[in-house]
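Heads up: the structure comes next, in structure tokens.
The values are calculated or read from the model by the stated rules, or taken from the named source; none is laboratory data. This one's a predicted model, so the numbers in the text were calculated from it and none came from an experiment. Neighbour counts are summed over all protein chains in view; Cβ atoms, including those assigned to glycine, are modelled from backbone coordinates with ideal geometry. Remember, those area values only see protein heavy atoms, side chains included, never the ligands or the DNA or RNA. Shrake-Rupley method; radii C 1.70, N 1.55, O 1.52, S 1.80 Å.
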Amino acid sequence: MATTRIVSLKALVHGVSAWSPHSQLLLRSRTLTSAVRAYSSATSPPSKAVVYDQHGSPDIVTRVTELPPVEIKENDVCVRMLAAPINPSDINRIEGVYPVRPPMPAVGGYEGVGEVHAVGSAVKGLSTGDWVIPSPPSSGTWQTYVVKEQTVWHKIDKSTPMEYAATVTVNPLTALRMLEDFVTLKPGDTIVQNGATSMVGQCVIQLARLRGIHSVNIIRDRAGSDEAKENLKKLGADDVYTESQLEVKNVRGLLGNISEPALGFNCVGGTAASLVLKFLKQGGTMVTYGGMSKRPITVSTSSFIFKELTLRGFWLQRWMSSDKAEECRSMIDYLLGLCRDGKLKYELEVAPFDDFHSGLEKAMGKRGSQPKQVLKF
């Protein structure tokens, strides 16, 4: 049906030779737009995707396969994916341990950036070639073509570096919300965090610095820790300590002229969480957003009774599901602006989609400590 419409529209254009050149050009332009929309209401191209049919270790249960074309309905947008990261939460979904999981069989991935390939007949505000991200994030980004309703997609500035556009939501937005949602911080205040070399940790350092807030950062004892310290200080970290350096009775003496932290972030658990608590001032708050060590948080009785510490948790997906789509998109635009201005950056490694399992092994820690893996399609 779409082909018939295109042919008839071409015939119509050729029949206006007596019109002015401007009128002919205008009609041809409108005809081309109509023709593209008519064609796009058919189907997407076949898509190469990372699929899993059961929960388990991602390097075992995932496979790269070709999916058939998908119908593009009138309110749908077909997006050719450009890049998508491998986040710890992606791995947890495949393992079956994440609280919210898509029904199986499922396509992996939760965030990313793509280019509009085709639009449904009722879509307005998006055109072929626009860059978009799913906002809030949406499952199934580890594939070459994604078809979803227009409401899923948020148009972004194409001058944004691709790898930053692909990764802006889950980690940078987590850092921003944690800095703003729990304690009212003012310039000169201090935060403390473990997992400082993580993407969230790197973003916390830079976003805090932009607000005039000091950061005390804790990293693991490992080969290359001195280099990691220098890299974090280049991002704006005030102090960086390995866990073994904090095996002292009174950590306050390490702060110098920096105030005691009012807010702490924990993504590790176990001993690393206890170190964050040691730094917090009277009445301070520790926010937990991850548990990489898979060890429980242990809090001394005195921390509760005498320091009156507060322990909170943060889960970005719950925050985004609480009717905050527009606010979320506004903050993403803010963060992407910082990326374009060079004020927000983090360590990434681009992995070709055709070599997916190599990038997956790095993301799972099977090849030692590695930067965030970003699949490029």
Pick out the one residue from L309, L255, L280 that is touching a Leu at 6+ places or on another chain (Cβ under 9 Å) and touching a residue at least 60 places away in the same chain (Cβ under 8 Å). L280
Matching residues, segment 223-242, being in contact with a helix residue (DSSP H, G or I) (Cβ under 9 Å, 6 or more places away or on another chain), assigned to a helix (DSSP H, G or I) and surrounded by 18 or more Cβ atoms within 10 Å (Cβ to Cβ): L232, L235
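Give me the residue from segment 254-287 that is of a type in the set (G, A, S) and assigned to a helix (DSSP H, G or I) and, out of that set, surrounded by the most Cβ atoms within 10 Å (Cβ to Cβ).
Initial filter on segment 254-287 (of a type in the set (G, A, S)): 256, 259, 262, 264, 269-270, 272-274, 283-284.
Okay, now just the ones that are also assigned to a helix (DSSP H, G or I), so 270, 272-274.
Numbers: G270: 18, A272: 22, A273: 27, S274: 19.
Filtering segment 254-287 for residues that are of a type in the set (G, A, S) and assigned to a helix (DSSP H, G or I), the one surrounded by the most Cβ atoms within 10 Å (Cβ to Cβ) comes out as A273.
Quick one: which of R367, R318 is without any contact (Cβ under 8 Å) to a residue 12 or more places away in the chain, in contact with a helix residue (DSSP H, G or I) (Cβ under 9 Å, 6 or more places away or on another chain) and either over 21 Å from T62 (Cβ atoms) or not small (G, A, S) (or both)?
Numbers: R318 fails: in contact with a helix residue (DSSP H, G or I) (Cβ under 9 Å, 6 or more places away or on another chain).
Exactly one residue qualifies, and that residue is R367.
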Can you spot a residue in segment 330-342 that is farther than 20 Å from M199 by Cα and within 17 Å of the chain's Cα centre (by Cα)? yes
Open to solvent by less than 40 Å² (accessible area, probe 1.4 Å), modelled with pLDDT of 95 or more, over 30 Å from L82 (Cα atoms) and of a type in the set (A, V, I, L, M, F, W, C), is that true of V251? no
Residues being assigned to a strand (DSSP E or B), without any contact (Cβ under 8 Å) to a residue 60 or more places away in the chain and crowded, with 24+ Cβ neighbours inside 10 Å - total across segment 192-218: 3
Within segment 100-124, which residues are surrounded by fewer than 16 Cβ atoms within 10 Å (Cβ to Cβ) and touching a residue at least 60 places away in the same chain (Cβ under 8 Å)? V100, S121
Residue pairs, Cβ under 7 Å, 6 or more apart or interchain, first in segment 125-140 and surrounded by fewer than 20 Cβ atoms within 10 Å (Cβ to Cβ), second among the basic types (K, R). List them. L126/K155; D130/K155; S138/K148
Please indicate, with yes or no, whether at least one residue in segment 351-363 is touching a Pro at 6+ places or on another chain (Cβ under 9 Å), basic (K, R) and closer than 30 Å to L277 by Cβ. no
Tally, over segment 340-370, of residues that are exposed (fewer than 13 other Cβ atoms within 10 Å of the Cβ) and under 30 Å from A208 (Cβ atoms): 5
Among what's in segment 141-166 and is part of a strand (DSSP E or B) and either open to solvent by 30 Å² or more (accessible area, probe 1.4 Å) or among the hydrophobic types (A, V, I, L, M, F, W, C) (or both), pick the residue that is farthest from P371 (Cα to Cα). E149
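Among residues belonging to segment 78-93 that are within 12 Å of M364 (Cβ to Cβ) and in contact (Cβ under 8 Å) with a residue 12 or more places away in the chain, point out the one that is farthest from the chain's Cα centre (by Cα). Lay out the reasoning, then the answer.
Residues of segment 78-93 within 12 Å of M364 (Cβ to Cβ): 86-88, 90-92.
Next, from what is left, pick out any that are in contact (Cβ under 8 Å) with a residue 12 or more places away in the chain: 86-88, 90-91.
Numbers: I86: 9, N87: 8, P88: 11, D90: 11, I91: 14 Å.
The selected residue is I91.
Taking G290, is it among the small types (G, A, S), modelled with pLDDT of 90 or more, closer than 27 Å to N92 by Cβ and in a loop (DSSP other than H, G, I, E, B)?
Numbers: among the small types (G, A, S): yes; modelled with pLDDT of 90 or more: yes; closer than 27 Å to N92 by Cβ: yes; in a loop (DSSP other than H, G, I, E, B): yes.
Taking the combined requirement at face value, the residue satisfies it.
Of the residues V64, V70, which is over 24 Å from the mean Cα position of the chain (by Cα), among the β-branched types (V, I, T) and open to solvent by 50 Å² or more (accessible area, probe 1.4 Å)? First the steps, then the outcome.
Values: V64 fails: over 24 Å from the mean Cα position of the chain (by Cα).
Only one candidate qualifies: V70.
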Answer yes or no: is there a residue in segment 290-300 that is exposed (fewer than 13 other Cβ atoms within 10 Å of the Cβ), of a type in the set (V, I, T) and in contact (Cβ under 8 Å) with a residue 12 or more places away in the chain. yes
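Can you spot a residue in segment 314-325 that is at pLDDT 95 or above and acidic (D, E)?
Taking segment 314-325 and keeping what is at pLDDT 95 or above, we get 314.
Among the residues that remain, those that are also acidic (D, E) are: none.
Checked segment 314-325: no residue is at pLDDT 95 or above and acidic (D, E).
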Residues that are more than 30 Å from K48 (Cβ to Cβ) and among the charged types (D, E, K, R), at least 3 per element: which helices (runs of 4 or more DSSP H) completely within segment 295-376 meet that? 325-340
